[in-house]
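Asker: Here it is: the structure, laid out below.
The values are calculated or read from the model by the stated rules, or taken from the named source; none is laboratory data. Not measured: the values here are computed from a predicted model. Heads up, the Cβs are rebuilt from the backbone with ideal geometry, glycines too, and the neighbour counts pull from every protein chain shown.
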Amino acid sequence: MSRLHLWRSGRGLPGVGHIIDDLLAGFDRTGVNVGPEDLAARAAYLLGVPVELVAGHRPPGAPCGLSLITKLAVVVIVDNAASELLQLTATAHELIHVLRHHEPIRLTKLPEPMSIAGLTAQQVTYIYARGVYDSVEEREAEGGARAVAAALRAPASRPGWTRPGEGEMLQRAAGVLGAKDVRR
Amino acid sequence: MNDGLYGTAAIVSWLAVVYRLFGHRQQRFTGPQPWWLTIGFALGAGCITVSIPPVWTWVDRTSGVPNLTIPISHALGISYTACMMSMLATWTSTPAGAAARIASRWIATLAGIAVMVALFMLAPSQPENATTFMALDAHRPYYAEYTLVMLAVFASTQIHIAALCVRLARAGGDAWLRRGLRIMGTYGMCGVLYTLLRLADVFAPETDYPAVRYEPVTRLVLFLGMMCAPIGLTMPGWGPQLNRTESSLRALYAYARLAPLARAVERHADHLVLNQSAHPSGAGLLRDPRWHATGRVIEYLDLRSALSERIAAAPVTQFRRRARRLGLRGEREAGAVDAAALHWSLARPVDRPRFVMPEPAAPLGNGQLAARAEDATAHAVRTASAYHNRLMMRYLTAGTKRTANVDAL
């Protein structure tokens with residue numbers, strides 16, 4: 001738990017095309033049954049570390065989603081009282097922060113204490129001092145999250161989104177050709 | 001010409017098959033369908049092997065059908081490209097989409113082969129020609145249709161292979177993967193060029209330019225294409241091994257060049273010698289030359305640290321001036337000055353140098369540690385080379401005296 005960052009969802013514009021492609025690759029074309037857990041599993045595959053989804057309670061003014069990065073796993077905390085679509089969007093938002101390697105620019109205090117199931121007291125203490133991104137990173141994450149949610153909840157006839165992105169194609173190529181490592 | 005070119009391409013293709021089979025055995029390949037590539041290599045190797053004139057003649061005489069090798073090699077060739085397309089489909093599509101694309105590709109390939117065989121059987125028999133059959137006979141009735149069907153099936157894959165591999169090579173991946181994909185893109189372009197040249201064979205009689213004249217170009221293009229695929233698509237696997245071999249050779253070279261400094265450490269401060277395994281013999285050294293070379297660098301740095309007070313008192317300015325007089329500049333000058341300072345410090349028997357724990361270094365980011373270690377090794381090698389040069393050391397340190405401070409140490 002030496003490196004621990006916390007992020008919150010925000011608003012923004014798309015700018016993360018290949019991340020969206022990679023995140024959506026592998027799901028069947030209908031996408032209606034894809035939930036936050038499936039997105040987390042997909043992100044775990046892409047990151048190579050476990051991604052755990054934790055349900056949390058959101059007090060007024062608190063962010064809808066939070067994520068923690070430890071050496072062992074990525075923990076994404078989503079408000080379990082939010083709608084299914086909002087949970088999906090918040091999960092995608094946090095995962096895009098992680099996949100894009102966004103770095104928090106400062107630490108601030110949360111507006112008021114939160115109770116989050118499944119976390120230790122030490123983790124909750126860290127959550128009170130959370131990391132914040134700059135506006136560009138927030139716009140990227142939120143734009144990407146909305147694109148992911150729209151693709152997963154759009155009519156099945158929407159073309160294109162099931163095709164793997166170039167990063168995913170390279171990973172598959174590396175596996176078939178015996179390359180040890182794929183770095184962008 | 002065909003013997004040499006096609007024979008070389010066949011050997012490379014069969015080596016690629018063997019390499020892939022070993023890879024499967026060692027479970028080196030992961031991903032959805034690595035067998036497509038292995039089977040494809042085997043089909044490609046078969047295609048190019050039967051095209052070697054002596055094999056061609058043997059097949060024809062054994063079967064009793066003149067030029068039977070033509071449909072055999074072409075069927076193997078387009079099956080080979082179908083395998084490549086199947087592999088690419090597993091990269092570019094979801095599993096369900098890939099299955100549909102693979103099925104449609106193989107239906108088209110098998111249908112094409114059936115039509116080609118039918119046309120070959122309908123075509124009037126031609127005298128056996130193991131080298132220039134396509135150039136001389138591709139325009140004849142039935143053979144022309146045969147060639148057009150074969151090229152239609154073949155060309156449709158080549159454009160896709162070239163475009164996708166070039167695109168992926170530009171997208172990223174590690175260096176060997178990018179190289180391999182670029183070479184595979186060249187294969188696709190060779191395939192397109194081969195298609196155009198064979199198409200020209202069909203329509204050559206309409207022009208006054210005989211196809212036999214550019215047949216050597218066609219063979220070269222085919223040879224290049226058949227070399228590109230096995231090399232390009234196995235390169236991501238064996239390429240990194242070349243890097244490791246090069247790195248080991250460089251480490252061995254550095255280890256050997258550091259010997260003068262290692263001898264100095266042994267003679268003047270044997271308590272700083274790391275351990276016996278730092279001076280291995282034979283297999284031990286070959287097993288991990290970088291570890292042993294780094295051991296010698298550490299010993300040298302420890303010796304410098306132990307002699308730091310003496311070295312600080314050395315007339316470095318004079319060493320530098322004399323080194324510049326010898327024409328040494330930059331890193332070589334720095335190495336020579338360091339060697340002279342060491343030589344000056346060790347010029348007469350001294351008490352056992354005390355080891356001083358160096359100050360802890362600042363934390364380094366990713367890759368900086370390796371870069372710093374390489375720099376330290378390179379500098380130690382330059383210092384060792386200068387230290388080994390007794391004439392240079394005598395010249396650089398001649399006429400210098402120890403200060404009272406140094407003698408008091």
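Asker: For region B:76-83, check the following and say yes or no: at least one residue is crowded, with 16+ Cβ neighbours inside 10 Å, among the hydrophobic types (A, V, I, L, M, F, W, C), out of contact with any Lys or Arg (no Cβ under 6 Å at 6 or more places or on another chain) and within 14 Å of another protein chain (Cβ to nearest Cβ).
Answerer: Yes: one or more hits.
Asker: When only residues in region B:201-221 that are assigned to a helix (DSSP H, G or I) and either at pLDDT 90 or above or of a type in the set (S, T, N, Q) (or both) count, which is farthest from B:ALA42 (Cα to Cα)?
Answerer: B:VAL217
Asker: Looking only at region B:22-38, filter to residues that are under 22 Å from the mean Cα position of the chain (by Cα) and at the interface with chain A (Cβ under 7 Å from one of its Cβ atoms); which one of those is modelled with the highest pLDDT?
Answerer: B:LEU37
Asker: Next up: Go through region B:92-123 and count every residue that is without any contact (Cβ under 8 Å) to a residue 12 or more places away in the chain and away from chain A (no Cβ under 14 Å).
Answerer: Of the residues in region B:92-123, 8 are without any contact (Cβ under 8 Å) to a residue 12 or more places away in the chain and away from chain A (no Cβ under 14 Å).
Asker: Enumerate the pairs (first residue in region B:145-173 and within 14 Å of another protein chain (Cβ to nearest Cβ) and in a helix (DSSP H, G or I); second residue anywhere and of a type in the set (Asp, Glu) and crowded, with 17+ Cβ neighbours inside 10 Å) with beta-carbon separation below 7 Å, excluding pairs fewer than 6 apart on the same chain, so at least 6 apart or on different chains.
Answerer: Pairs that qualify, where the first residue is within 14 Å of another protein chain (Cβ to nearest Cβ) and in a helix (DSSP H, G or I) and the partner is of a type in the set (Asp, Glu) and crowded, with 17+ Cβ neighbours inside 10 Å, are B:LEU168/A:GLU166; B:ALA171/A:GLU166.
Asker: Which is on the phi < 0 side of the Ramachandran plot and in contact with a Pro (Cβ under 7 Å, 6 or more places away or on another chain), of B:MET121, B:MET116?
Answerer: When all the criteria are applied, what remains is B:MET116.
Asker: Let me ask something else about it. From the residues in region A:64-87 that are touching a helix residue (DSSP H, G or I) at 6+ places or on another chain (Cβ under 8 Å) and not in a strand (DSSP E or B), which one is modelled with the lowest pLDDT?
Answerer: It comes out as A:CYS64.
Asker: Which condition number does B:LEU181 fail, the rest of (1) more than 14 Å from every other protein chain (Cβ to nearest Cβ); (2) crowded, with 19+ Cβ neighbours inside 10 Å being met?
Answerer: Every condition holds for B:LEU181 apart from (1).
Asker: Hey, among A:ALA141, A:ALA90, A:ALA174, which residue is at pLDDT 70 or above and either assigned to a loop (DSSP other than H, G, I, E, B) or within 14 Å of chain B (Cβ to nearest Cβ) (or both)?
Answerer: Sole residue among the options that is at pLDDT 70 or above and either assigned to a loop (DSSP other than H, G, I, E, B) or within 14 Å of chain B (Cβ to nearest Cβ) (or both): A:ALA174.
Asker: Please give the number of the condition B:SER281 fails out of (1) over 19 Å from B:GLN158 (Cβ atoms); (2) among the hydroxyl-bearing types (Ser, Thr, Tyr); (3) assigned to a helix (DSSP H, G or I).
Answerer: (3)
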